[in-house]
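Written out below as structure tokens is the structure these notes cover.
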Amino acid sequence: MTSLTALILTFNEEQHIERCIRSLDGVAERVCVVDSFSTDRTLEISHSLGAEVVQNPWPGHAAQFQWGLDNLDIRSDWTLRIDADEYLDEGLRGAMQRWLVAPEPGVNGLYLRRQIVFLGRPIRHGFFYPLHILRLWRSGEGQMEQRRMDEHIVLRDPCTKVLEGGDLVDDNLNDLSWWTAKHNGYASLEVIARVETAEGQATASEKLSGVAARKRWIKENLYTRLPVVLRSGLYFFYRYVLGRGFLDGKEGFFFHFLQAYWYRTLVEAKFFELKKQAQAEGVTPYELLRRRGV
């Protein structure tokens, strides 16, 4: 049986971390938690479950994950990226165990099926399930893109497949106030990333492949060419009507509305605000961000 190391980034994840680590039992030979100086019981719980814990000041998600890859001396055959609020369901646990016993020769990366749970309900429509996401790769083959948002693991020479049989479940237990605050921060980061991309300052990989590559191409080459006042509305229509998001019930309406319409509108509004502020100061948005120390 080949070996696997799981890498988890944490900050105040006491209500999620035990569920995450326990789901790795019998799958991951080594569990490494890279913590950003949590003030709750995250470290205590992680230690009690046998995880290795190291701490590093938060430099951003992509940089923190790459720091873990570079500094944890990962010698296992495979590496898994998993968030603290995610866990392997029983089907995926079994599929991964079978894969580790007899991995397919030549394959160096696996896409896992990601299942999002919102307000306690699995989201199965709106083109949101299953989300295929590259999370498992042969150690040493993958690096994290250094982007402020929408960062992905990139393989040196990708040869991938989808691991069927179960789901990587994303079920955050925080409330909607936390969710909206988090996405407010994401919106600011996405605006910065958009400005950096326009200035040629964003780091992107030509080797990005699969679903992630297609989604990024659509976002950068089609979505941003739509009239700004129509973008989020059309995206919500695509998800909720064409993707039958209405079949996800009330929880689905709130998810698709907030994630597709509210969040995307917030990004556009923040970008519009930044451009107006830059114009008032007679500089470009990129120059204004640099003045602000971003």
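Table for the structure above
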{"read-out": "Checking Asp35 against (1) of a type outside the set (Gly, Ala, Ser); (2) open to solvent by 40 Å² or more (accessible area, probe 1.4 Å); (3) out of contact with any Cys (no Cβ under 6 Å at 6 or more places or on another chain), the condition it does not meet", "value": "(2)"}
{"read-out": "Strands (runs of 3 or more DSSP E) within region 115-175 that include 2 or more residues within 14 Å of Phe65 (Cβ to Cβ)", "value": "131-138, 142-144, 153-155"}
{"read-out": "Selection from region 134-168 of residues that are surrounded by fewer than 20 Cβ atoms within 10 Å (Cβ to Cβ) and of a type in the set (Val, Ile, Thr)", "value": "Thr160, Val162"}
{"read-out": "Search result, residues across region 241-256 that are surrounded by fewer than 16 Cβ atoms within 10 Å (Cβ to Cβ) and aromatic (Phe, Trp, Tyr)", "value": "Phe246, Phe253"}
{"read-out": "Residue match in region 254-271 (condition: of a type in the set (A, V, I, L, M, F, W, C) and farther than 27 Å from Val117 by Cβ)", "value": "yes"}
{"read-out": "Residues within region 135-166 that are over 30 Å from Glu196 (Cβ atoms) and among the β-branched types (Val, Ile, Thr), tallied", "value": "1"}
{"read-out": "Positions within region 265-294 being within 30 Å of the chain's Cα centre (by Cα) and among the hydrophobic types (A, V, I, L, M, F, W, C), in sequence order", "value": "Leu266, Val267, Ala269, Phe271, Phe272, Leu274, Leu288, Leu289, Val294"}
{"read-out": "Selection count, region 90-124, where residues are buried (at least 18 other Cβ atoms within 10 Å of the Cβ) and touching a helix residue (DSSP H, G or I) at 6+ places or on another chain (Cβ under 6 Å)", "value": "2"}
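The values are calculated or read from the model by the stated rules, or taken from the named source; none is laboratory data. All figures in this text were calculated on a predicted structure; none of them were measured in a lab. Positions of Cβ are backbone-derived with ideal geometry, glycine not excepted, and every protein chain shown enters the neighbour counts. Ligands, DNA and RNA are stripped out before the accessible areas are found, and what is left, the full protein with its side chains, is counted by its heavy atoms. Shrake-Rupley method; radii C 1.70, N 1.55, O 1.52, S 1.80 Å.
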